[in-house]
């Protein structure tokens, strides 16, 4: 395995970038952007969600989401309704037309998913989903690599097992060049 090329973060980022590209291509002619399609999908799963919560799910700022929702509302795809418990808050709902557009988005998502999974057998697909779910669950809500109760002694023992080899190799090479006080040492020849 080439650690420079097969770094998990880079691979996940590359896959997401390519999914976005293929999704955008497949959406052409629908009148939707990928950002709008994502907002519609999240709204279909969370009818009545507050705008601020939807912004968090989509990982966009409130102003970006407001513009996106303005466009969707103008197209008749979403409705803003005042929260009955708090008149200062808007809840978001799909309109009937928005629900129809969801079918288009889901068809496009199926095409993209099939293209991404081409050449994988059922066991590999199941394994990929299982691994991604586990990684998501492992990282969800995690503030650091270590549990708060874990001692610093355990942290130093576990760090080499957790840190990628490339980071460790870089750190080791750097420590060979550094003296105890942090001054750079020149290797003897």
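Quick look at the values:
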| quantity | calculated |
| --- | --- |
| Filter result (within 20 Å of residue 105 (Cα to Cα), outside any helix (DSSP H, G or I) and touching a strand residue (DSSP E or B) at 6+ places or on another chain (Cβ under 9 Å)) within segment 50-93 | 77, 78, 79, 92, 93 |
| Set 92, 117: member being surrounded by 12 or more Cβ atoms within 10 Å (Cβ to Cβ), touching a helix residue (DSSP H, G or I) at 6+ places or on another chain (Cβ under 7 Å) and within 30 Å of residue 71 (Cα to Cα) | 92 |
| From the options 73, 26, residue that is under 29 Å from residue 115 (Cα atoms) and either touching a residue at least 40 places away in the same chain (Cβ under 8 Å) or in the same structural domain as residue 111 (by TED's automatic domain parsing) (or both) | 26 |
| Subset tally (residues that are touching a residue at least 12 places away in the same chain (Cβ under 8 Å) and under 26 Å from residue 135 (Cβ atoms)) for segment 47-59 | 4 |
| Tally of residues being buried (at least 16 other Cβ atoms within 10 Å of the Cβ) and under 22 Å from residue 96 (Cα atoms) across segment 25-34 | 3 |
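The values are calculated or read from the model by the stated rules, or taken from the named source; none is laboratory data. Note that this is a predicted model, so its numbers are computed, not measured. Because the Cβ atoms are built from the backbone with ideal geometry, glycine has one as well, and the counts that use them run over all protein chains shown.
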